[in-house]
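Below: one structure, written as structure tokens.
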Amino acid sequence: MLNTINRLLSLQSGSTFLAISPLRGNSLHNFINLAYRMEQTYSWTVKLIPPSDYLSSQFISYLIDESNRVQFNDSELDNKIGHLIAFTRTN
């Protein structure tokens, strides 16, 4: 999968590939750790961003369909929305 992402990501410095995935189980953590280890090989940086850091609380409420709530715990956010993964070319 990392090889495919590398091929999809432009060779121009600063180009970014985005993906959204839940943290359920250890699969995403294992994938991200492998991606971190491959940063020099693929000339990219990898960032894992939780939903509360890339979406406004109002938009989260809309997505979760509970407009009367403003605060959600990490588990609720991950279950409904997922984390943003950003691969950014560094060369």
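Throughout, read-outs are computed from the coordinates displayed, never taken from laboratory work. Note that this is a predicted model, so its numbers are computed, not measured. Every residue, glycine as well, gets a Cβ built from its backbone with ideal geometry; the counts of neighbours run over all protein chains shown.
So if each residue of separation counts as 0.36 nm, and I subtract the Cα-Cα distance between I49 and L2, what length gain in nm does that give?
15.1 nm is the gain from fully extending I49 to L2.
Could you work out the helix-only [θ] at 222 nm for the chain, with each DSSP H run of four or more residues adding -39,500 (n - 2.57) and the total divided by the number of residues, to the nearest 500 deg cm²/dmol?
-11000 deg cm²/dmol
Could you compute Rg(Cα) / (2.2 N^0.38 Å) for the chain, with N its residue count?
1.22
Assuming 0.36 nm per residue, please report the length gained on full extension of the stretch S57 to T41 beyond their Cα-Cα distance.
2.1 nm
In percent, how large is the relative contact order of the chain, given Cα pairs closer than 8 Å and 6 or more residues apart?
48
To the nearest 0.05, what FRET efficiency results for Q71 and N33 with a Förster distance of 41 Å applied to their C-beta separation?
The computed FRET efficiency comes out at 0.85.
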